Structure formats: structure tokens, C-alpha cells
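These notes concern the structure reproduced below.
Any read-out appearing in this document is the output of simple, stated calculations on the displayed coordinates, not a laboratory observation. Note that the structure is a prediction, hence the values are computed from the model and not measured. We place every Cβ from the backbone using ideal geometry, glycine too, and count neighbours over all the protein chains shown.
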Amino acid sequence: MTASVKVPTTHDHPDGVAAGIVAGLERLMREHAIDPEAVTFIAHSTTQATNALLEGDVARVGIVRFGSAFARAAMRFAPIPLAADVTLTAIYLDAAGSGGDAWFEGARAAGIEALVASEAFAVDRPEREAAFVAGARARGFAATCGSEVSTMYGLRARTRTAALNAAILPRMLRTARMTRKAVDDAHIPAPLMIMRSDGGVMNVAEVERRPILTMLSGPAAGIAGALFHENVTDGIFIEVGGTSADCSVIRRGRPQLRPARIGGHRTLLRTLDVRTLAVAGGSLAHIEHGAVSAVGPRSAHIAGYRYAAFCDAATIAGAHVAIGEGVAALADAAGRIAITPTCAANALDLVPQTAFARGNGDAARLACARVGEAIGLAGDALARAILERATATLKGAIEELIADYELERATVVLVGGGGGAAALIPFAAQALGFEYRIARDAEVISPLGVALALVCDVVERTIVDPTPADLVRIRREAIDAAIRAGAAPDRIEVVVEIDRSRNRVRASASGATALVEGANIVTRASEAERVAAAQRALRADAVGVRIVAQTAAFMAVEGNRSVAIVDERGVVRLIAPRAVVAMSAAGELETAIARTIEEYTTYGDVGRALPDLWLLVGARIVELTGLSDAASAVALAADDIAGLPDDTSVAIVSMARRA
């Protein structure tokens, strides 16, 4: 069952948006008679971190610099522009005497609300930073340090990122603590989790340390819902609201991330790669010289227009055409009525009966006919022109994402979320030649995404020529970080990425919370349903697919010269073109991997390329891709299966790469 409530955003409340979260939680529990003991997972997404930076609602930050004069000079950064006429300009403080009460009282007297400790090479030796932060927090300051927000080298960028984190700490601390108190007062035993900008969740303790990781958590929640609610492997998720549409990529079942820039400055954060477009279900259609010249960026509800599709036909019949301001609209005594993309889609009967955007088709057609007649267009031609303009805006972002992430056009699916999805996605998909689907419960896909999200954490290191031991160590750090953030240890998946051009190693760990795992809420698909899901993903004929391997949790299905890996729920977790699958016992895995690498390594004019490997181990997919030597692959695999009985079955999926 899906139950939902909506409450107004409480921007003007003394407790800020936290008051709305509390009110919504209380109302949901009361109206739907939910037993607090039955709640296994509670989480929310928030745009508060983003809004605080965009609006300039930040604390006064003091940066305590340790180390040599040269290092202290390297920590200085230019003021960061935030809102209009607001910049983040840090106060730089001398570390001498920074451990005493008098020093902290002096900082408080100077109006400093949040403190940052920064030191060169603290990612390797964080003790002095950590000691300062502990002392500051004990004295009531919001405090953070460079090594806490990033484990990457780059002193100025790390200090800048920590300063941004500190700037929003006081505001985020108030919200997080008030929301946690509401959960406690409701006697809900599940820990409160907060959405991260990379599509995962973290507990409140982590938010109190690194609230900056919640930037873009709103769009991240939507794509998390698409991933788990819609079983998407490769596609573009488009969350359509009333004013804007957020486009993001799902590739091999994972959202795609990129480095974040704030105020034009580089940070050491990785956030969801979202392309936000100023077109949506409520965008105003602009008329010029008898044609639709643009759709958006202004929206009907912000401009004070009603939607023609949400009026009755009599109202439209009694209104007069009003396009004097260059907007496709009518007007009556109650105000103006716009023909939005939602109205155009209803006029063309493209919106499914059950969709949130479904309105009065007769009223929408009459509005289009009357405004169209005034500018010399048939009603359906006007509706189509509005949707074509909106689609042209979407097309640019879609084509850009396909090129950036080298997606196979034939396998790309457009997935629509948000209340306005059915207004734009069906028409756009047909016009651009893509398959599409509107997510179930599209209007509440973001909160559903939060409920289904995984706990995530990332460890990054700058290492020249990393050894297998380095990779295993960083992988272990990522697992430990995910467990601290609330993940159940036995289902954590880790992806290790090596960027040799930048001497960078990144380990990303993700897993469900222990309470979600223990709730046993997974709906398991039958064998026939799993094969059918693979067949659809592979675009193969029913007679052309076959099961080539099975483990306790996964099925490997071959078809159309590719292999699809399907999990217990019937979700296609991986599609590997031209891949082969072999089975091995855990006790013989190292030998089997070495043999597989030798067999499928390719050679070319510029060197060799090891195959991409994935291991199906228990309920986890272990990704061993982009590695340059067999020893690293063997070491990571050995670490992953450590402790398993020797006779445990492991599937090895290998895909040759071009050298």
C-alpha cells in the first residue's frame, strides 16, 4: 500500500522546514493508523542545503589553519558568490592557543558561528584536525574539518569544501535534530535516514558531520525511486514538475555522478549529474507571429494563471481569448487561464486516465480551439506545437546525456516521474523514437525513492600507481564507512574506480539498512518473470534467450549476443554485451579469475586491455572493471570472498574490451 499526505512548506515558521516535516509525519501516522512498531525504515530528502547556499542563508565561518606559513597561505580561497549580494567570505584564524576556552570565547565574540580546521596532508594524518573539532563541538560550536568532508588531496579545494559544509551546519543541525526528535516522540524504532546527493541515504549522525552531502537530494530521491520502483537498467529519468524538469542518467542500473561546482568554484564533492530544464507541465506557451515561439521558463502557477485542463468546459466557453501579453491564454472575471503542456497533452488525449496530470480533455480542446482560431491555427495543431516546443528543449538534454555516457540508443528508456510526467514524456518519447514509461505513483516518486534508497559512502584517495594492497585497503574503508552510516554489512556492494590520469582511486560502497534487510519485504519474481525481464532488456526473441548460470540470488540470461543479470526481484542489474559467464567455487576463485583474465585480455597497438569482470557472490554484484593488472582483480576478489566456505558458488561474468 502507498499512503501519502501533503503539508505546506513551512518557510516562515520559527523552526523552518523542520516544522512541516514534523506535521507531515504526525498527520501520516494519524490518518493512516500506522503502528509505530511496524515502521522499518524512515527517511526524507531535503533541498535545504542547496537552498541555504542559493539563498545565502549561511553561518559566519572561521577557518583555523594549522601547519607552515606556506600551507596556511595555500588554504586561502576567493569569496564564493551565493545569492544576490551575498558571498561566503571566511575569517582566517591563527591555530595558536586554539585548544583553550579563552580562544573559543574570542571566536564567539567575533561573531563566528561555525568553525573549520584545515591542515595539509590531514587526509593521512587527521589527528590534529579531529582534536580541534571535538573541542569546538564540546563548547557548542558547529564544527567540521577538511578530512571529514573529503579524503582527496587538494588543500585549497578541501578547505573550500569544508567551509561550505560549515556554513550550512547550524541550519542543518537544527532541522536534523528536530526531525529526529519527532521520530522519537512518535515512538518509531527505525533510525532516521536522510537522502544524499548521490542517491543513497545516511543517518542523522552523518548529516550532523557532513550536511553538504545532501545537496541535490531532491532529484536524487526521484532517480532512486525510478531505479527500485521501475526496475530500470539503462535509461534517462525525467522528473517533471510544474516549473522545471530534472534529467538524469541511469547506466547499468546506477545513477551517474559528477564533481560539483558551487558559485563557480570547484569542490571535492560528487553529486548526481542532473540537467535541469526550464520546461514542465505548467510552463507558459508564448505566441509570436501566429506561432508558438517558446514554452517556459515561467510557469502558470507562479504567474497566477489557472490551467485550462483543470477548468470545466463551461468556464472555457465563457472566457475570452487573451494573448495580448504573448501567452497562449484566455481570461474571465476570475483571472487568466493558460494553455500549458499539460493542457495540450489532455487536448490530444495523450494523458492516461490514471495519471496525476489527467484533466478535462473537453475543456483543454475547447481552449486550444479558441486560442488557435485567434492566431490562425487549428486547435490540435496548437496543442501539438506546444508539445513540440517542449520536446525540443528536452531533446537537447537527452542527446547530450546519451553522448556523455555513451548509451546505446536502442536500449534507452525514458522514465517519467513527478506530477507532470504524463504531460510531456509520452509525446516526447514518440517524437524522439524512444520507449517510455510513466513511473508508478509518479507524483510521489521522490518520497518513494527515499524509502527505497541504499545507504552509500565513498572513499577517495590520491595514489600514484596504486598497488593491489592499496585497492583492498580503500575498499575496506568504504565498507566500514557504509556500515557506520547504517548499512547492513552482509549485502554491501563496492565499486572501485581507478583514474590513472589523475592518480585517483575511488571506492563507492552501498547497501540497504539492517532494518530493511531484516523486514524481508522483497517481492521475489518467478523464474519465468525473471527470464521475461531479461528478454525485454536484451531485446531478444523469446526463443533466443536461455539461462546460462544461476546463483542463490542471481540469474544470468543470454540473448542477442549479450548477457543480462537479473536479481531476485526481477530487476535487470547488468547488461554485458558479448559477455561470457563461468561458475567457480569460492575456494578456486583466484585461479579462475587469473585464467579468465588471461583468456579474455585483448591486445592492440597501444597495449593491452583486461576484460571487465563482475562476480555474483551471494546477494551482491562485485564489479572489477577498469583495472590494469590481474593482481589487482585477484586481490579485490579474494578480499570480497574472505570467510566464505570454499564450496560457495560464484559466477564470473567477463566482457572483453578493445585495447
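General observations
- Relative pair counts by distance (%), Cα atoms of the chain, 10 Å bins: 3, 14, 22, 24, 20, 12, 4, 1, 0
- Extreme residue, positive dipole direction of the chain, given options Pro126, Ala220, Val240 (C-beta unit charges): Pro126
- Net charge of the neighbourhood of Arg139, taken over other residues with C-beta under 9 Å away and scored Lys/Arg +1, Asp/Glu -1, is 0.
- Packing-based order for 324-337, 398-411, using average beta carbon neighbours within 10 Å, highest first: 324-337, 398-411
- Cα gyration tensor shape of the range 538-655, rounded if a/c is under 1.5, else prolate or oblate by comparing a/b with b/c: oblate
- Among 86-97, 345-356, the peptide with the highest mean count of other Cβ atoms within 10 Å heads the list, and the full ranking is 345-356, 86-97.
- Neighbour-count ranking [beta-carbon atoms within 10 angstrom, fewest first] of Trp614, Trp103: Trp103, Trp614
- Residue-by-residue Karplus 3J(HN,Hα) for the range 21-32, coefficients 6.51, -1.76, 1.60, Hz, glycine and proline x: 4, 4, 4, x, 5, 4, 5, 4, 5, 6, 5, 10
- In order along the range 129-138, the Karplus-derived 3J(HN,Hα) couplings, from 6.51 cos²θ - 1.76 cosθ + 1.60 at θ = phi - 60°, round to 4, 4, 5, 5, 4, 4, x, 5, 5, 5 Hz, and Gly and Pro are given as x.
- In this Cβ point-charge picture (+1 for Lys and Arg, -1 for Asp and Glu), the chain has a dipole of about 1140 debye about its Cα centre.
- Under a model in which nothing but the beta-carbon of Lys, Arg (+1) and Asp, Glu (-1) is charged, the range 550-659 shows a dipole of about 500 debye around its Cα centre.
- Per-residue ellipticity at 222 nm computed for the chain from its helices equals -11000 deg cm²/dmol, with DSSP H segments shorter than 4 residues left out and the rest contributing -39,500 (n - 2.57).
- Farthest positive-ward along the chain dipole, Cα basis, beta-carbon charges - from Phe66, Gly376, Ile386: Phe66
- Taking θ as phi - 60° and the Karplus parameters 6.51, -1.76 and 1.60, the scalar couplings of the range 553-567 work out to 10, 10, 10, 9, 10, 9, x, 6, 6, 9, 10, 10, 9, 10, 8 Hz in sequence order, x denoting glycine and proline.
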